[in-house]
Every structure is written in structure tokens, then in C-alpha cells.
1. Within the group Asp12, Asp29, which residue is open to solvent by 10 Å² or more (accessible area, probe 1.4 Å) and at pLDDT 95 or above?
2. If I filter the stretch 43-57 for residues that are at pLDDT 95 or above and part of a strand (DSSP E or B), do I get at least one hit?
3. Taking Val107 as meeting all but one of (1) closer than 19 Å to Asp140 by Cβ; (2) surrounded by fewer than 17 Cβ atoms within 10 Å (Cβ to Cβ), write down the number of the exception.
4. As an exercise: evaluate Leu94 against (1) out of contact with any Pro (no Cβ under 6 Å at 6 or more places or on another chain); (2) at pLDDT 95 or above; (3) over 23 Å from Gln145 (Cα atoms); (4) not in a strand (DSSP E or B) and give the number of the one condition it does not meet.
5. Determine whether Gly120 is of a type in the set (Gly, Ala, Ser) and either in contact with a Pro (Cβ under 9 Å, 6 or more places away or on another chain) or crowded, with 16+ Cβ neighbours inside 10 Å (or both).
6. Return the residues of the stretch 123-146 that are at pLDDT 95 or above, more than 19 Å from Pro64 (Cα to Cα), within 13 Å of the chain's Cα centre (by Cα) and open to solvent by less than 60 Å² (accessible area, probe 1.4 Å); say none if nothing qualifies.
7. Quick one: in the stretch 58-72, of everything that is touching a residue at least 12 places away in the same chain (Cβ under 8 Å) and in a loop (DSSP other than H, G, I, E, B), which residue is nearest to the chain's Cα centre (by Cα)?
Amino acid sequence: MERKAPGDESSDRLPAVDLPCLNERRAVDASRLAGPAVVNLWASWCGPCRKEMPMLAEAARDNPDVRFVGINTQDRSEAAADLLARTGVTYPQLVDVDAVVLGYTRVPGLPVTLALDADGKVVDRVIGEISGAELATLLDSLAEQE
């Protein structure tokens, strides 16, 4: 887990890019996402992403004061929707076909899980499959922001 210090270049907001919602006819500007929020970048073809999904779904249900958002990255919508249904994920999902947000993170692969504060700044992140302990720490870091 990487802590982000104030003024760190990677503490900025997510990039200004309109991402369509997976199951809705609207788009969301990623730079306008604000927290406390957990943002998970994933794809159905990513093994570690598939493994962490049920835990993220449970955490979203157990933490109603934290906004959970998925960003499906370089994937097919049908495959993504099928995985979400099988893993019980019901929180909002955005689609990033061109991996703009992943490029912003400067991480070469998926999954990536970000914590956003109330101003929409990235304050923490986990690269790779998130563990239960890492997710708890990420949620604690958001509680400290309040």
C-alpha cells in the first residue's frame, strides 16, 4: 500500500475523462468523483480482479458511508456485466475502454484500488489484488480524512 503525501504529484484528482456507466445511458467525468470513495480499476479477464470482487462487494455493503465505484478497463461490456452478476457487485460501474485512468496511475496492470478524499484527491492506493487487511487500512485512511 502506498500512502500519498500532500503535494505529491499522484495525489491529484483522477483525469478529466467522461466514462460511460456500464448499465446506464450517461457518463461521469472521472475527475469529479469525490469521497470518501474506493475506486477499483478492474477487468473480467484479470484473474486477481475476479478474486477480489466478492470482498469488494461485501465491503461496499458493510460501509454505506463510503462510495464504491468500479472502473471496468479495456474489457467487453457483456463479460464485465456477467462477472458483476456472478460476484454480487452492485455498486456503480464506469467503462474505460482506452485505459485512460489506468494510465494516470502509472501502474502497468490491473487491479488498482484507489482511495479518494472528500475533495476527490487520491490519498491512498493498492496495486494488485487487494487483501482484506489492505482494504481495512484503505477504509481506515478514508475515515481519517473526515
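The values are calculated or read from the model by the stated rules, or taken from the named source; none is laboratory data. Being a predicted model, the structure only gives us computed values, none of them experimental. No Cβ is skipped: glycine too gets one built from the backbone with ideal geometry, and neighbour counts run over all protein chains shown. These area figures cover heavy atoms from the full protein model, side chains too; ligands, DNA and RNA do not enter into them. Shrake-Rupley method; radii C 1.70, N 1.55, O 1.52, S 1.80 Å.
1. Asp29
2. No, every residue in the stretch 43-57 fails to be at pLDDT 95 or above and part of a strand (DSSP E or B).
3. It fails just one condition, (1).
4. (4)
5. Taking the combined requirement at face value, the residue satisfies it.
6. Val126, Gly128, Ile130
7. Filtering first and then ranking leaves Val66.
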